[in-house]
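Here's the structure we're looking at; comments come further down.
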Amino acid sequence: MRLSKYYVPTLKEDPADAEVVSHKLLMRAGMIRKLTSGIYNYLPLGLRSVNKVAQIVREEMDRAGALEVLLPTVQPADLWQETGRWDYYGRELLRFKDRHDRDYCLGPTHEEVITDLVRGEIKSYKQLPVNLYQIQTKFRDEIRPRFGLMRGREFIMKDAYSFDKDEEGAEKSYFDMFGAYKKAFSRIGLRFKPVQADSGAIGGDFSHEFMVLAETGEDTIASCKSCEFAANLEKAKVVVPDGPDMTAADCPAMEEVATPGAHTVDEVCAFLSVTPDKLIKTLLFVVDGRPVAGLVRGDRELNDVKLRNLVGGNEIEFADEALVRKLTNAPVGFAGPAGLSKDVPVYADSELKLATDWVAGANKGDTHVRHLSLGRDCEVAGYADLRVIEPTDACPECGGEIEFTKGIEVGHVFKLGLKYSEKMEATFLDENGKTKPMIMGCYGIGVSRIVASAIEQNYDENGCIFPPSIAPFEVCLISLGGKDQDVADKAEELYAEIMQMGVDAAFDDRKERPGVKFAEADLIGYPMQLVLGGKGLKNGIIEAKDRKTGEKIELPLDNFAEAFAAWRKRIWNNWGLETN
RNA sequence: CGGGAUGUGGCUCAGUCUGGUAGAGCGCCGCGUUCGGGACGCGGAGAUCGGAGGUUCAAAUCCUCUCAUCCCGACCA
């Protein structure tokens, strides 16, 4: 590709509305342009990267036996009504009507459509398993799109759906995808980690997220320094250290104490001169419309996903101020487990069994209680792991040390089970002629998000640093033959040679000053730069720069193809990649 | 949806408080010089100051409404 005939509108300054590096650099390198909030145009360079990611994903999906299809973006409401998601999915689902006043939506995901397709075609266990995937544009009307391609409303995603006749098959499909994902992300050249994720009502280890490790990630991962354990913060189990059950132990009679104006844990502690670990924090939630209370120690954080899963709910949110008043007869800040409305089941974090004589809210304005015993003074519906893991906690699998890292979710594998097949009657006849629902799994990869996360993980003050596997072009050949026709001619010759090798090259043959060419090559982040100048030509060499390390070497012009091939191989290898 | 902020040539911003003929840098076009890390000189084009209404002799500037975008929060594969 000749840059003189290409379209790369670079920017010298950061766009005003970009916050994160990937957004700034994608804009500055002329790869994307915003059309409207959360919706972007992909320019030639950006599209090339997206397509390269998609192609790697496609190859690994095919290799794993999945079959590519293409499903519509516009979906009829009645399918969504079948699964109940038309009502449940909420504002994120962009709905509209056609000229006949029929309801439609833009697909944020395709479980309904794929299940509908399969149920019409597959009737026998002999046709199973089947795994269908597509690479396509999704639309989710995010409450708050941000960070450029990282969290857009419209984005490109690969989604796959597997259908199996039994549990063993479903498990195999799941782990086949898990393996394919590892291969795909490795080939893309990103540092990533599969982590256990929340699988809602399904339970077990049948949900993993693939995280690209980057400082700027929105998610936090808890991982073990000594074993393989890694989990999303919301999923990470907390193991309570052994100790005697103190819920029935002796404790002075509970008494109320006035704590005027003390709402927060810190304020109460300061007022009563106790440490936060002597306090019980009582948090009121609404799960699927019903109130629930969760108890954790004053110095801990309650994990709402764990509480939601414990009570088997779908949607959990904090009780609003009015509800708190109704349930506790007090303003926010004075809720406690003792004397709470009987309509509210109280669940306590397991850790609370290990001590007694607590301080807690009194369900009365400006008042707390002390000497509270959970066994004596309140009714606890159950004890369970309810809190968020902390770096000081032990690894739940091996007891080792835990560390926290930031990550960007770029893939998710999930066992769906019968959720959709039952509701939509996607059934088949088994070996015994019995009708059974298919067992499903779904597997997503954020294709456009990967391009952004590659930049989040690899950039410097001069611009992007793309892995060669997904760079818009692997190499940029820069000709400094301004008025030196010999240089220009030789560059042409080299370009032809590189093209002949089948290498993806950009040829900077523009009439620009050298500084401009260098700066733009760095900004765009071609992993390899070849610079041919007058002096080099005279000395029979061309300069080769590794964008990642900045290392420059000289390649001989005699035998250029061979020297270049060897250098190129080294660059790929340094990224942990194989040349194709 | 709550809190905060911003809308001025293609881009980044000044000008708004204190109303008086719309600015700079970058980019773009032309000419010349320059040519190994985003050059320089000269000459140009390009803006109904987000939109609507109002106050005023006069509005980018003051008032009202509205739209859009961004940030924080809640939310989210």
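Where a number appears in this text, it was derived from the coordinates with a stated rule and is not lab data. The structure presented is a predicted model; accordingly, all values stated were derived computationally and were not measured. As a convention, Cβ positions derive from the backbone with ideal geometry for all residues, glycine included, and neighbour counts pool all protein chains shown.
Could you please rank A:T137, A:T247, A:T549, A:T73, placing first whichever residue has the fewest other Cβ atoms within 10 Å of its Cβ? If you can, show how the numbers build up before the last one.
Details: A:T137 13, A:T247 19, A:T549 10, A:T73 16.
Listing A:T137, A:T247, A:T549, A:T73 from fewest to most nearby Cβ atoms yields A:T549, A:T137, A:T73, A:T247.
Let's test the formula: R0 of 35 Å, r as the Cβ-Cβ distance of A:T427 and A:I143. What FRET efficiency results, to the nearest 0.05?
Efficiency, rounded to the nearest 0.05: 0.45.
Counting C-alpha atoms alone, how compact is chain A: give Rg to one decimal and Dmax as a whole number, in angstrom.
My reading of the Cα-based Rg and Dmax gives 29.3, 97 Å.
7 Å from Cα along Cα→Cβ at both A:V332 and A:C227: what's the point-to-point distance in nm?
With each label placed 7 Å out from Cα toward Cβ, I get 4.0 nm.
Assigning unit charges at the beta carbon (Lys, Arg +1; Asp, Glu -1) and nothing else, what dipole magnitude in debye, to the nearest 20, does segment A:235-358 show about its Cα centre?
320 debye
Go through A:K158/A:K419; A:K12/A:K511; A:K158/A:K517 and tell me which ones have a Cα-Cα distance over 24 Å in this structure. Don't skip to the end; give the middle numbers.
Details: A:K158/A:K419 21 Å; A:K12/A:K511 19 Å; A:K158/A:K517 35 Å.
Check vs 24 Å cut-off fails for A:K158/A:K517.
Under a point-charge model restricted to the Cβ atoms of Lys and Arg (+1) and Asp and Glu (-1), what is the dipole moment magnitude of chain A relative to its Cα centre, in debye to the nearest 20?
1560 debye
In chain A, with Lys and Arg counted as +1 and Asp and Glu as -1 at Cβ, which of these residues, A:T427, A:P44, A:I524, has the Cα nearest the positive end of the dipole, that is, farthest along it?
Of the options given, the answer is A:P44.
Compute the distance in nm between two label points, each set 7 Å from the Cα along the Cα-to-Cβ direction, one at A:H100 and one at A:E461.
About 6.3 nm separates the two model spin labels.
Using a Cα-Cα cut-off of under 22 Å, which lysines could be cross-linked to A:K364, ignoring same-chain neighbours fewer than 8 residues away?
Cα-Cα hits under 22 Å: A:K278, A:K281, A:K326, A:K342.
Using a Förster distance of 41 angstrom, determine the FRET efficiency expected from the C-beta separation of A:V69 and A:Q485, and round it to 0.05.
0.15
Could you tell me how many degrees, from 0 to 90 and to the nearest 10, lie between the Cα long axis of helix A:560-574 and the main elongation axis, the longest principal axis, of the Cα atoms of chain A?
10 degrees
Can you tell me what percent of all Cα-Cα pairs in segment A:226-361 are more than 27 Å apart?
23 percent
Beta carbons within 10 angstrom, averaged per residue: use that to sort the peptides A:281-290, A:319-328, highest first.
Values: A:281-290: 17.6, A:319-328: 15.6.
So the order, starting with the most tightly packed, is A:281-290, A:319-328.
If the reach is capped at under 14 angstrom between alpha carbons, list the aspartates and glutamates near A:K172, excluding any in the same chain fewer than eight residues apart.
A:D164, A:D205
By how many degrees, between 0 and 90 and to the nearest 10, does the Cα long axis of helix A:514-524 differ from the longest principal axis of chain A?
40 degrees
Relative to the present Cα-Cα distance, how much length would full extension add between A:N574 and A:K436 at 0.36 nm per residue of separation? Kindly include the intermediate steps, with their values, before the conclusion.
Numbers: separation 138, 0.36 × 138 = 49.68 nm, distance 5.05 nm.
Using 0.36 nm per residue and subtracting the Cα-Cα distance, I get 44.6 nm.
Which angle between 0 and 90 degrees, to the nearest 10, do you get for helix A:167-188 versus the longest principal axis of chain A when only C-alpha atoms count?
Helix A:167-188 and the main axis of chain A meet at about 50 degrees.
For A:V274 and A:E551 in one chain, what is 0.36 nm times their gap in residues minus the Cα-Cα distance, to one decimal in nm?
On the way: separation 277, 0.36 × 277 = 99.72 nm, distance 5.87 nm.
My answer for the length gained is 93.9 nm.
Please tell me which of these pairs span more than 27 angstrom C-alpha to C-alpha: A:K126/A:K183; A:K138/A:K183; A:K483/A:K545?
Beyond 27 Å: A:K126/A:K183.
Please state, as a whole number in µm²/s, the translational diffusion coefficient that the Stokes-Einstein equation yields for segment A:332-474 at 20 °C and 1.002 mPa s, with Rh defined as the Kirkwood radius across alpha carbon pairs. Please report the intermediate quantities before stating the final value.
Numbers: Rh = 21.8 Å.
It diffuses with D of about 98 µm²/s by this estimate.
When the dipole is taken about the Cα centre of segment A:469-574, and only Lys, Arg (+1) and Asp, Glu (-1) are charged at their Cβ, what size is it in debye, to the nearest 20? Can you show the working numbers first?
Numbers: 15 positive and 19 negative charges, 71 e Å.
The dipole magnitude comes to about 340 debye.
Sort A:S4, A:S186, A:S207 so that the residue with the fewest other Cβ atoms within 10 Å of its own Cβ comes first and the one with the most comes last.
Numbers: A:S4 11, A:S186 17, A:S207 22.
With the fewest neighbours first, A:S4, A:S186, A:S207 line up as A:S4, A:S186, A:S207.
Which Cα, out of A:V388, A:V239, A:F210, lies furthest along the positive dipole direction of chain A (beta carbon charges, K/R +1, D/E -1)?
So the residue furthest toward the plus end is A:F210.
I need the peptides A:157-163, A:369-375, A:503-509, A:380-386 ranked by packing, meaning the mean over residues of other C-beta atoms within 10 angstrom, with the highest value on top.
The peptides rank, most packed first, as A:157-163, A:503-509, A:369-375, A:380-386.
So what is the relative contact order of chain A, in percent, for Cα pairs below 8 Å that sit 6 or more residues apart? Present the calculation step by step, with values, prior to reporting the outcome.
Values: 1226 pairs, mean separation 97.3, N = 580.
Here the relative contact order equals 17 percent.
Cross-link partners among lysines for A:K406, C-alpha distance below 16 Å, same-chain residues fewer than 8 apart left out?
Counting by Cα, and skipping residues close in sequence, A:K406 has these lysines nearby: A:K193, A:K225, A:K235.
Provide the gained length on full extension for the span A:L11 to A:Q127, in nm with one decimal, where the gain is 0.36 nm per separating residue minus the Cα-Cα distance.
Using 0.36 nm per residue and subtracting the Cα-Cα distance, I get 36.4 nm.
Which ordering of A:W358, A:W567 is given by a fewest-first count of other beta-carbon atoms within 10 Å?
Details: A:W358 27, A:W567 17.
By the 10 Å Cβ count, ascending: A:W567, A:W358.
Quick one: if you stick a label point 7 Å off each Cα along the C-beta vector at A:S350 and A:A394, how many nm between them?
Calculated label separation equals 1.2 nm.
Loop only by DSSP, 14 or fewer other Cβ within 10 Å of the Cβ. Give me the trypsin sites (Lys or Arg not before Pro) in segment A:69-119 that pass, ordered by residue number.
A:R99, A:R102
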